[in-house]
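Peer 1: The structure is given below, and queries will be raised subsequently.
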Amino acid sequence: METRQRRAVERGRIIGMREAGYSISDISRDLGLTRQTVQRWLTRWEESGNLEDRPRVVQRWFEERREQIELLPWPALSPDLNPIENVWAQIVNAWEPENERTRAHLLQPTKDMWERFGQNIYNIVSSAPDRLQAVIEADGHWTAY
């Protein structure tokens, strides 16, 4: 695995472990990283929803257009508030792409998946008020969702 891919996987592990309830110290110890590195990637994820190095370019772009565009202090992107993220995660976990090589082979399993997740999707979407309340109570930080 190439270094860039390895780093991307490592960043994903940091976020996954944090969402699973691990402390920064635990993540640092388990992954063999400094606490500062873990904190930097968690902060970048919370601020931009992105783990790539490119957000600096985007930040500079906004700074150059400061008078035309108001940059909000906290982004609208939030996995805590977006029910479709939860739905897609379930679909990706259940999907077996090696079995679907053509469009015809992909169509029926896709329909089956949506039917199988129908009630669960409804539950996820109808939990939106609870998700909102949890984020409000957590002052915008991580929640159980």
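The values are calculated or read from the model by the stated rules, or taken from the named source; none is laboratory data. Everything quoted here is computed from the prediction, not taken from an experiment. Here the Cβ is made from the backbone with ideal geometry for all residues, glycine too, and neighbour counts use every protein chain on show.
One line per residue, one yes/no per condition, for (1) surrounded by 13 or more Cβ atoms within 10 Å (Cβ to Cβ); (2) of a type outside the set (D, E); (3) modelled with pLDDT of 85 or more; (4) under 23 Å from A89 (Cα atoms):
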{"residue": "R6", "(1), (2), (3), (4)": "no, yes, no, yes"}
{"residue": "V9", "(1), (2), (3), (4)": "no, yes, no, yes"}
{"residue": "G12", "(1), (2), (3), (4)": "yes, yes, no, yes"}
{"residue": "E19", "(1), (2), (3), (4)": "yes, no, no, yes"}
{"residue": "Q36", "(1), (2), (3), (4)": "no, yes, yes, no"}
{"residue": "W45", "(1), (2), (3), (4)": "yes, yes, no, yes"}
{"residue": "R56", "(1), (2), (3), (4)": "no, yes, no, no"}
{"residue": "W61", "(1), (2), (3), (4)": "no, yes, no, no"}
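Peer 1: Residues in the stretch 116-145 that are surrounded by 12 or more Cβ atoms within 10 Å (Cβ to Cβ), hydroxyl-bearing (S, T, Y) and at pLDDT 80 or above: how many?
Peer 2: So the answer is 1.
Peer 1: Do any residues in the stretch 125-145 that are under 15 Å from N86 (Cβ atoms) have Cβ atoms under 8 Å from those of residues that are among the β-branched types (V, I, T) and not in a helix (DSSP H, G or I), where the two are at least six apart or on different chains, and which pairs are they?
Peer 2: Sorted first by the residue in the stretch 125-145, then by its partner, the pairs are R131/T143; A134/T143; V135/T143.
Peer 1: Only residues that are modelled with pLDDT under 70 and surrounded by 11 or more Cβ atoms within 10 Å (Cβ to Cβ): list them for the stretch 72-115, please.
Peer 2: Across the stretch 72-115, the qualifying residues are P75, L77, S78, P79, D80, E100.
Peer 1: How many residues are closer than 18 Å to R7 by Cβ, touching a helix residue (DSSP H, G or I) at 6+ places or on another chain (Cβ under 9 Å) and part of a loop (DSSP other than H, G, I, E, B) when one looks only at the stretch 20-34?
Peer 2: 2
Peer 1: For I69, work out the one condition from (1) over 25 Å from N120 (Cβ atoms); (2) at pLDDT below 70 it doesn't fulfil.
Peer 2: Of everything listed in (1) over 25 Å from N120 (Cβ atoms); (2) at pLDDT below 70, I69 misses just condition (2).
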